Amino acid sequence: MIIYVISNTILDNKNISGGDILLPKLSHYLNPELKLVVVTNSIGKSLWQKYGKCSDFHIVEDIIDMKRLWFAPVKYILRTFKLFFYFFKISKFKEKTVVYTSSDLFPDTIPIFLHKLIDRDIYWISRIYHINKSPLKRKGKFSHNLFSYFSQQISIPLIKFKSDLILTLAGTRKILRNLKFPENKTGVLNAGVNEELIKSAPTNNETFSCFYLGTIVYTKGAFDLLDVWAEVVKNRKNYQLAVIGGGVQEIISKFKEKISTLNLSDNIKYFGRIEKDEDVYSIIKSSKVCIIPGHENGWSLPATEAMTAGVPIVGYALDMFGEAFKKGFAVSPLYDQKALAEKICEVIENKEIWETLHQEALDESSKFSWKNIAEDFEQFLDKLN
C-alpha cells in the first residue's frame, strides 16, 4: 500500500510541534511493505530526513519566499492553491489513492477535500490533535491565535463530513464526541516513545527539581510556567528548573525577558532546542518532576517520555489526564498557578507521594511503545482493504 502524506503547514524549522514529528517517528516501526510518499516543502523534507523513513518525496515549494511570520496567512493561502493543482499529478492514478493529512489546518485539508469531491477513489485519513480555543479565551498574541483558530475552524467541517478516517488523541476524543463527529469514522492513535533509547540514556551531570519540554508558546503554558516557578522558589532558593524548547525568536526573547524580570535566572536553566534525543532524555532522567502547564493539550509527548523514565507528571487538570493517562500524575485546576506550584512542591517533598507516582508512571509507560502504536495504525489501515 502507498500512503501519500500531506505536510503542507510547516513554516520554519524552529517551531516544530509534536504533531509534526509523530508520523515520521512512527514510520520506523511500520511494516516495510507500507510505502510512505511525503508531499511537503524543503523544510518538511529535512524534518522527515531527520526523524522519519519514507519511500519518496514530492516537493511543493512556496510560490513566494516570505520569511516574516506575519506572512503566514498569505503563505497558507498560496500553499492551498498550489497543492490543489499539484495533487492532480498524484490522484490521476487509477488505483485507490490513500492520503494522510498531517494536520487539521486548511493548507492540508482544503486541497484533499476538493479532490474528494472530484475523485471518489481517494481515501482520506485525517488528524486532529486538539481543538483550539476561541482567540478571546486563549493566552498569547491575539492575531496569531485568531489565525490559528480560523485555520482549524475552516477544516473541522471538511474533516467531519468528508474524511474516511479521523485519527485523534485520547485526550481529544471526548471533545470530538461532543462536537458530533461520527463515531464509526473516529479512532484514537496516540504518540509513542523509544523505550530503549530513554532507558539507556545516561543521567545528566546536573540535577534538576523539575523540567519543562516543549515549544515556547503561550498555549503550552510556557509563560504560566515562569509565574508558577516564581511561586515555587519563594521559599526554596535551591530548586532548579530545566527548560528545553525552541520557537519563534520574538517569543523566546519575551520568555527570557520574563525570566529576568521575575529574578529567576539563578533558578532556571534554559537549554533552547536540543537536537539529540539522547541529550534530552539525560535531562529528563536527572529531574524529579515533569511540569505540563499547557492549556489545551490532547496528548503530551514529553509526558510519555517522562513516564518512561519514571518521572512523575504535574500539570493542569486537562482531559488528557484521566483519558490518555490513567495514573502517574498529579493535577491542579486550570490556570490556578498557586495551586500548581503547591502541587509541584508536594510531589517533590513528599517521598511517599513521589514514590507512588514514580511507580505508576513506569507502569503506565508500557503502553507507549512505538511498536504498539504502529500495530494500532496498521489495524486501522487493514480496514481499508
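The values are calculated or read from the model by the stated rules, or taken from the named source; none is laboratory data. Everything numeric in this text was worked out from a predicted model, so none of it was measured. With ideal geometry, Cβ positions are generated from the backbone for all residues, glycine too; neighbour counts draw on all protein chains shown.
Out of 233, 248, one residue alone is crowded, with 20+ Cβ neighbours inside 10 Å, in the same structural domain as residue 340 (by TED's automatic domain parsing) and either among the charged types (D, E, K, R) or in contact (Cβ under 8 Å) with a residue 24 or more places away in the chain (or both). It is 233.
Among 203, 207, which is modelled with pLDDT under 90, outside the structural domain of residue 377 (by TED's automatic domain parsing) and surrounded by fewer than 21 Cβ atoms within 10 Å (Cβ to Cβ)?
That would be 203, the only listed residue that is modelled with pLDDT under 90, outside the structural domain of residue 377 (by TED's automatic domain parsing) and surrounded by fewer than 21 Cβ atoms within 10 Å (Cβ to Cβ).
If you go through the stretch 37-52 and pick out every residue that is over 19 Å from the mean Cα position of the chain (by Cα) and either polar (S, T, N, Q) or not in a strand (DSSP E or B) (or both), you end up with 2. If the condition is being on the phi > 0 side of the Ramachandran plot and either aromatic (Phe, Trp, Tyr) or in a loop (DSSP other than H, G, I, E, B) (or both), then the stretch 259-298 contributes only 263. Does the stretch 262-269 contain at least one residue that is surrounded by 13 or more Cβ atoms within 10 Å (Cβ to Cβ), at pLDDT below 95 and either under 26 Å from residue 203 (Cα atoms) or hydrophobic (A, V, I, L, M, F, W, C) (or both)? No, the stretch 262-269 has no match at all. With respect to the conditions (1) within 22 Å of residue 323 (Cα to Cα); (2) crowded, with 20+ Cβ neighbours inside 10 Å, residue 226 falls short on a single one, namely (1).
The residues of the stretch 162-175 that are among the polar types (S, T, N, Q) and in a loop (DSSP other than H, G, I, E, B) amount to a single one, 163. Taking the criterion of being touching a residue at least 40 places away in the same chain (Cβ under 8 Å) and farther than 22 Å from residue 321 by Cα, the residues of the stretch 341-382 that qualify are 371, 374, 377, 378, 380, 381. Would you confirm, using the coordinates I've provided, whether residue 321 is in contact with a strand residue (DSSP E or B) (Cβ under 7 Å, 6 or more places away or on another chain), more than 25 Å from residue 5 (Cβ to Cβ), modelled with pLDDT under 95 and not aliphatic (A, V, I, L, M)? Yes, satisfied.
Filtered by the rule that a residue be crowded, with 19+ Cβ neighbours inside 10 Å and in a loop (DSSP other than H, G, I, E, B), the stretch 320-361 gives 324, 328.
Let's see how each residue does on (1) closer than 17 Å to residue 303 by Cα; (2) among the small types (Gly, Ala, Ser); (3) assigned to a helix (DSSP H, G or I):
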site	(1), (2), (3)
146	no, no, yes
156	no, no, yes
160	no, no, yes
177	no, no, yes
181	no, no, no
199	yes, no, yes
203	no, no, no
211	yes, no, no
235	no, no, no
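Under 6 Å by Cβ, and 6 or more places apart or on different chains, what pairs join a residue from the stretch 113-141 that is under 16 Å from residue 5 (Cα atoms) with one that is of a type in the set (Asp, Glu)? Within 6 Å, the pairs are 123/164; 124/164; 128/104.
Let's see how each residue does on (1) at pLDDT 85 or above; (2) of a type in the set (Phe, Trp, Tyr); (3) surrounded by 20 or more Cβ atoms within 10 Å (Cβ to Cβ); (4) not assigned by TED's automatic domain parsing to the domain that holds residue 108:
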{"position": "9", "(1), (2), (3), (4)": "yes, no, yes, no"}
{"position": "14", "(1), (2), (3), (4)": "no, no, no, no"}
{"position": "30", "(1), (2), (3), (4)": "yes, no, yes, no"}
{"position": "47", "(1), (2), (3), (4)": "yes, no, yes, no"}
{"position": "61", "(1), (2), (3), (4)": "no, no, no, no"}
{"position": "64", "(1), (2), (3), (4)": "no, no, no, no"}
{"position": "70", "(1), (2), (3), (4)": "no, yes, no, no"}
{"position": "85", "(1), (2), (3), (4)": "yes, yes, no, no"}
